[in-house]
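To start, the structure under review is shown below, and the notes come after it.
FYI, it's all coordinate maths here, none of it is from the lab. Just so it is clear, the structure is predicted and the values come from calculations on it, not from any experiment. When we count neighbours, we look across all protein chains shown, and the Cβ atoms used for this are built from the backbone with ideal geometry, even at glycine.
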Amino acid sequence: LEEALHNLKSGLKLEMPDSKWDYLENKQKVFEQAAINPEIVKEFDQTVHCWSAQIQSLLQEHETANRGTTSDEGPRSELEYWRMRSQKFCTVIDQLKCKQCKVVLGVLREAKHTHE
């Protein structure tokens, strides 16, 4: 449990939109109404671009991570490395399931449909 808490603290924390949009509910009608507000759509679009950059950085992290390439490193260190990476990805997935993320994605999905 301690290790999981440490990973949450050291893991990726997705940027959320301004709290002034917290009143938006996770409902289709709300998405439709919010999708016609250019201010909301613009901020949510910027938020998703930020998420994309954050996740891209996490994906590229392995290229810069010091995995300890000394000859005495074995399968255990490799397993530990991938376990830690898996936990970071699970943290991102869990964040994407929260209400705020669902609202952001729902509004942008609706905005896309209204502009097609």
Relative packing of 36-44, 76-84, which averages over residues the other C-beta atoms within 10 Å, highest first: 36-44, 76-84
Fully extended contour minus Cα-Cα distance, from Cys98 to Lys27, at 0.36 nm per residue: 24.2 nm
Ordering of 99-107, 27-35 by packing [mean C-beta count within 10 Å, highest first]: 99-107, 27-35
